[in-house]
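Quick notes on the structure that follows.
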Amino acid sequence: MQRLLVFLMAWLLAGLAPAATLTVGSKLDSEGRLLGEIFAQKLEASGFEVERQLGLGSTSVAWQALLSGEIDVYPEYTGTLALSLLELDSTPGRPRLNRELQEVDLIALPALGFNNTYALTMKQSQAEELGIERIGDLAEHPQLRLGLSHEFIQRNDGWPGLKERYGLPFTPRGVEHGLAYEAINADRIDLTDAYSTDGDLERFQLVLLDDNLDYFPQYLALPLARASLSARAQASLSELAGLLDETRMQALNARIATQEGSFAQVAEDFLQEEGLLDAGREGQASGRKWDKLGTNLLEHLQLTLLALLLACLVGLPLAILVYRSPRLSQGVLYVAGLLQTIPSIALLALMIPLFGIGFLPAIIALFLYSLLPIVRAAITSLLTINPLLVQVSSGMGMTASEQLRHILLPLAAPNLLVGIKTAAIINIGTATLAAFIGAGGLGEPIVTGLALNDHTLVLYGAVPAALMAIITELLFNLAERRWIPAHLRGVQAKA
Amino acid sequence: MTHQSVEFSQVHKGFANQRLFEGLDLELPAQQVTALVGASGCGKSTLLQMINGLLQPDAGQVRVFGEPLDYRDLPRIRRKIGYAVQQIALFPHLTVAANIAVMARLEGWSEAAMAQRISKLFQFMYLDEALLERYPHEISGGQAQRVGLCRAMMLDPPLLLLDEAFSAVDPITRVDVHSRFQALQEAEARSVVLVTHDMQEALKLADYLVVLEPGRVLQAAVPEEVVRQPANEQVARLLEAR
């Protein structure tokens, strides 16, 4: 039993071990992932060990990860870099960008070629029907429904400026980008923001509206790296300069969007066509749809178990310390409750500046989430113990610790177990979001599926996560049946 | 060993905004059954709980077998003082056997020693050993009362405190428990302090009687003397009420 525990701890902690290789990141969108995969394979071809942290939430997540050194390089766009991240007034050329980036120890490597600017898009049929070709035409159709990605609504170079420049009458709704095309297809919204090289445009028969007032700046894709990246690695990535024009990029994106090939496959084909991979190199990219399910499942278990363990180790003693004082208990419950109200995505994002990306910040965020149910269950169950039993056990000569161990904890156990179960199940659900900050787990296929508009892929993550929650529930009920006398069990477990 | 089991000297004790005892002096005999009697609110349970340190006097001293109570060392002292209460308060998560043996187990007794002691107590209390594996909610009130007494006497303590410990059951069962208690007391003569509001019970079980009214001892003497020569009208009235 003890050996099993040691093994379990070692396995749980293994997730926290740092890696000593180059780390390539990317944002969540599929073009970003594909470019990240191209960077990774290019670096591998140049002899580097590469770790992939592809699909890191939004721009700010990837940027913070690069700043904190959690990743070494990720694909970024000049417009985003200048206007959103460096907060400049315009989009200057690379020399000026690099002067600005010097201050934060970053470097922009030569651009890949294409300009993936923002654009507004709508159904081709509807555009023709209404005679809309340019963004300027929209002002005459205030009945149109806009669903824009959250990032676009917020960005300096996004909706606020666009609305002002064109005098647009709309109040947009926020829609997850991966779902926006489906929403247009289902006639829930009429317009959304898109990237001009988006591979999905053709599939959904969408048309890009002409930016007739030249509002959108240039979004030239380039590898954004830490200045400390070795010269050899920088040179390797610079070899990609100018190789991808708009048509080429759109074609590669389309192969991903139509599920003709995996990211690894499409990246490999591209590099091979450019002669940047050894000709005889065995294709390592498998054709299988999602071959990481086992890994994801284990990662998910690690995340939830470790966070739960931490929450028990901290929450129980905390509850025992404060439960006798109504004021302290209230204070602790208030703080724990406050943590619970922070939206999980926001909490994860808040973790990045403090703990970087990956396993550690995810564990800490999940730990904070599981604290409330555990502390609350512990405090209430300790408080509801008949005080006479406490008095009698004292009167018999039990020391405080004996009383805790033999009377208080066993009597609190039924409700406590329910609290821990609740925390475990919340954790299993919330841990799917950990993929946004590169902690892996079952969220990985889910966020990838969202990015790719691939519902099957979403199910690859969602179904095991749901099963895991159900199995957890059953295991807890089993534990209750095994360790808690029938007459003391909670209402739920009796059913 | 002194001839006193418990001595209160100059004990002051009050609650919130109400003073109860002011300079109480009282000595209880060793190896005898002392009954503290009086109407509710007279402070008899308070006295009892000052003996095992559940309550601490505001001033004055409580000595048990000649030793002043050391409030930093209560668990050790309390293991020599059995304690049973009216509500019995068996631990609901433990079987009858585990309830009785809980302190013996912590004291490191062997299984054999525990089984032997429980067996002896059960014989005296007319309890069936088939009850041992049941949980408290699975036995009757009278059985629970006797199990509570067994638990209090498990460690064979030289001093036993009983706080209305016979009053949770119907009169017939009570008489039965009384006689079982007396049989055991005969066998294991120990110092007992018994709190009761029932004069009849006090006269029946006690070797020494302390009659209280709020904050004050009305009379402390052997029962025969109390009956023959009540110290004052209040005592006489309490005797009539039986």
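Against the condition free of Cβ contacts under 8 Å to residues at least 60 places away in the same chain, under 30 Å from A:A62 (Cα atoms) and crowded, with 21+ Cβ neighbours inside 10 Å, how does A:A362 come out, does it pass? For A:A362, the condition - free of Cβ contacts under 8 Å to residues at least 60 places away in the same chain, under 30 Å from A:A62 (Cα atoms) and crowded, with 21+ Cβ neighbours inside 10 Å - is not met. Restricting attention to region A:436-495, the residues that are within 25 Å of A:I364 (Cα to Cα) and over 25 Å from the mean Cα position of the chain (by Cα) total 3.
Residue check: A:L409 meets all listed conditions (1) in contact with a His (Cβ under 6 Å, 6 or more places away or on another chain); (2) within 14 Å of another protein chain (Cβ to nearest Cβ) but one, namely (1). In summary, A:S394 fulfils each of the numbered conditions (1) surrounded by fewer than 20 Cβ atoms within 10 Å (Cβ to Cβ); (2) over 30 Å from A:V335 (Cβ atoms) with the single exception of condition (1).
So is B:Q123 within 30 Å of B:F15 (Cα to Cα) and either touching a strand residue (DSSP E or B) at 6+ places or on another chain (Cβ under 9 Å) or more than 10 Å from every other protein chain (Cβ to nearest Cβ) (or both) or not?
Numbers: within 30 Å of B:F15 (Cα to Cα): no; either touching a strand residue (DSSP E or B) at 6+ places or on another chain (Cβ under 9 Å) or more than 10 Å from every other protein chain (Cβ to nearest Cβ) (or both): yes.
When the stated conditions are applied, B:Q123 does not pass them.
The lone criterion from (1) in contact (Cβ under 8 Å) with a residue 60 or more places away in the chain; (2) assigned to a helix (DSSP H, G or I); (3) crowded, with 20+ Cβ neighbours inside 10 Å left unmet by A:I320 is number (3). Given region B:1-88, what strands (runs of 3 or more DSSP E) lie entirely inside it while holding 2 or more residues that are more than 14 Å from every other protein chain (Cβ to nearest Cβ) and crowded, with 19+ Cβ neighbours inside 10 Å? Because the criterion is at least 2 residues that are more than 14 Å from every other protein chain (Cβ to nearest Cβ) and crowded, with 19+ Cβ neighbours inside 10 Å, the strands (runs of 3 or more DSSP E) in region B:1-88 that meet it are B:4-15, B:18-29, B:33-37.
Is it true that A:L313 is within 23 Å of A:P410 (Cβ to Cβ) and either part of a helix (DSSP H, G or I) or touching a Ser or Thr at 6+ places or on another chain (Cβ under 9 Å) (or both)? Taking the combined requirement at face value, the residue satisfies it. Of the residues A:A194, A:A231, A:A183, the single one that is touching a strand residue (DSSP E or B) at 6+ places or on another chain (Cβ under 8 Å) and under 26 Å from A:G113 (Cβ atoms) is A:A194. Condition (residue is hydrophobic (A, V, I, L, M, F, W, C), touching a residue at least 60 places away in the same chain (Cβ under 8 Å), in a strand (DSSP E or B) and within 16 Å of A:D198 (Cα to Cα)) applied to region A:113-120: is it met by at least one residue? Within region A:113-120 (the criterion being hydrophobic (A, V, I, L, M, F, W, C), touching a residue at least 60 places away in the same chain (Cβ under 8 Å), in a strand (DSSP E or B) and within 16 Å of A:D198 (Cα to Cα)), the answer is yes, since at least one residue qualifies.
One residue is enough: does region A:181-192 have a residue meeting the conditions in a strand (DSSP E or B), in contact with a Phe, Trp or Tyr (Cβ under 9 Å, 6 or more places away or on another chain) and of a type outside the set (A, V, I, L, M)? Yes, region A:181-192 has at least one match.
Considering only residues of region A:205-226 that are assigned to a strand (DSSP E or B) and more than 28 Å from the chain's Cα centre (by Cα), which is surrounded by the fewest Cβ atoms within 10 Å (Cβ to Cβ)? Reasoning before the result, please.
Going through region A:205-226, the residues assigned to a strand (DSSP E or B) turn out to be A:206-208, A:210, A:220-226.
Checking which are more than 28 Å from the chain's Cα centre (by Cα) leaves us with A:207-208, A:210.
Values: A:V207: 18, A:L208: 19, A:D210: 14.
Within region A:205-226, the match that is surrounded by the fewest Cβ atoms within 10 Å (Cβ to Cβ) is A:D210.
Looking at A:P172, A:P223, just one residue is in contact with a strand residue (DSSP E or B) (Cβ under 7 Å, 6 or more places away or on another chain) and within 27 Å of A:A241 (Cβ to Cβ), and that residue is A:P223.
Which pairs have Cβ atoms under 6 Å, sit 6 or more apart or on different chains, and link a residue in region A:473-487 that is within 14 Å of chain B (Cβ to nearest Cβ) and free of Cβ contacts under 8 Å to residues at least 24 places away in the same chain to one that is part of a loop (DSSP other than H, G, I, E, B) and loosely packed, with under 14 Cβ neighbours inside 10 Å? Correct list of pairs: empty, since none qualify.
Quick one: which of B:A115, B:A104, B:A98 is more than 11 Å from chain A (Cβ to nearest Cβ), out of contact with any strand residue (DSSP E or B) (no Cβ under 8 Å at 6 or more places or on another chain) and among the small types (G, A, S)?
On the way: B:A104 fails: more than 11 Å from chain A (Cβ to nearest Cβ); B:A98 fails: more than 11 Å from chain A (Cβ to nearest Cβ).
One residue alone meets the criteria, B:A115.
Would you pick out the residues in region B:89-100 that are in a loop (DSSP other than H, G, I, E, B) and of a type outside the set (F, W, Y)?
Step one: filter region B:89-100 for residues in a loop (DSSP other than H, G, I, E, B), giving B:89-95.
Of everything in region B:89-100, those that are in a loop (DSSP other than H, G, I, E, B) and of a type outside the set (F, W, Y) turn out to be B:A89, B:L90, B:P92, B:H93, B:L94, B:T95.
Considering region A:408-484, the qualifying helices (runs of 4 or more DSSP H), each wholly inside and each with 2 or more residues that are in contact with a helix residue (DSSP H, G or I) (Cβ under 8 Å, 6 or more places away or on another chain), closer than 25 Å to A:G32 by Cβ and modelled with pLDDT of 90 or more, run over A:455-483. Note on region A:378-395: among residues that are within 12 Å of chain B (Cβ to nearest Cβ) and among the polar types (S, T, N, Q), the one that is farthest from A:R489 (Cα to Cα) is A:S394.
For region A:130-151, which positions are over 16 Å from A:I189 (Cα atoms) and in a helix (DSSP H, G or I)? Scanning region A:130-151 gives A:I135, A:G136, A:D137, A:A139, A:E140, A:E151.
For region A:1-57, the set of residues classified as among the aromatic types (F, W, Y) and at pLDDT below 85 consists of A:F7, A:W11, listed by residue number.
In region A:317-325 there is no residue that is under 20 Å from A:A466 (Cα atoms) and either touching a Gly at 6+ places or on another chain (Cβ under 7 Å) or not charged (D, E, K, R) (or both).
The values are calculated or read from the model by the stated rules, or taken from the named source; none is laboratory data. Owing to the predicted nature of the structure, the values given are computational and were not obtained by experimental measurement. Don't worry about glycine lacking a Cβ; one is built from the backbone with ideal geometry, like all the others, and counts go over all protein chains shown.
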